[in-house]
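Scroll down for the structure; my scribbles are underneath it.
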Amino acid sequence: MSTSTLNAQTRAFGLSVAITSIVSALLVIAKESNEDTLLKFMKTVTPHHWITHGLFNLILFVALGLILAKSNNGQGPALDDDKLINVTAGGFLLSCFIIAGFFLIGG
């Protein structure tokens with residue numbers, strides 16, 4: 001691993017942002033594709049499906065961040081600063097393309 005100026009928690013939660021963004025985009029597609037099952041279920045968990053979606057994202061983000069911070073013998077993800085920036089930005093951009101592509105194709 002290259003030298004990083006960031007601690008294990010910062011690298012872990014940065015990677016968690018990328019993963020959570022992609023999972024969130026996939027959840028949008030799943031909800032829109034399964035209105036009679038998943039969307040309906042998410043509406044019963046909280047007053048609105050977007051609240052459920054947000055809570056799911058928050059729980060996933062925190063859980064992944066905590067788990068990833070303990071990885072690599074407590075050193076966190078083996079990413080240098082530049083790679084972490086690229087992965088985080090890439091995960092965010094990929095999630096945007098996933099959602100946009102779904103709706104452009106006819107979702």
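Some observations on this one:
- Listed values [x] 1.01; [y] 1.07; [z] 0.94 include one computed from this model; for Rg/Rh (Cα atoms, Kirkwood Rh) that value carries the label [y].
- Proximal lysines to K43, defined as alpha-carbon separation beneath 16 angstrom and excluding residues fewer than eight positions away on the same chain: K31
- The chain: angle of helix 81-105 to the longest principal axis, Cα-based, in degrees nearest 10: 10 degrees
- Nearest-ten-degree value, helix 8-33 long axis tilted from longest Cα axis of the chain: 20 degrees
- Rounded tilt (10° steps) of 49-74 against the dominant C-alpha axis of the chain: 20 degrees
- Each of T3, T52, T10 was scored by other Cβ atoms within 10 Å of its Cβ. Arranged with the fewest first, they read T3, T10, T52.
- Value of relative contact order over the range 17-105, rounded to a whole percent, pairs C-alpha under 8 Å and six or more apart: 48 percent
Bear in mind these aren't lab numbers, they're just calculated from the coordinates by the rules spelled out. Please read all numbers here as calculations on a predicted model, not as lab measurements. With ideal geometry, Cβ positions are generated from the backbone for all residues, glycine too; neighbour counts draw on all protein chains shown.
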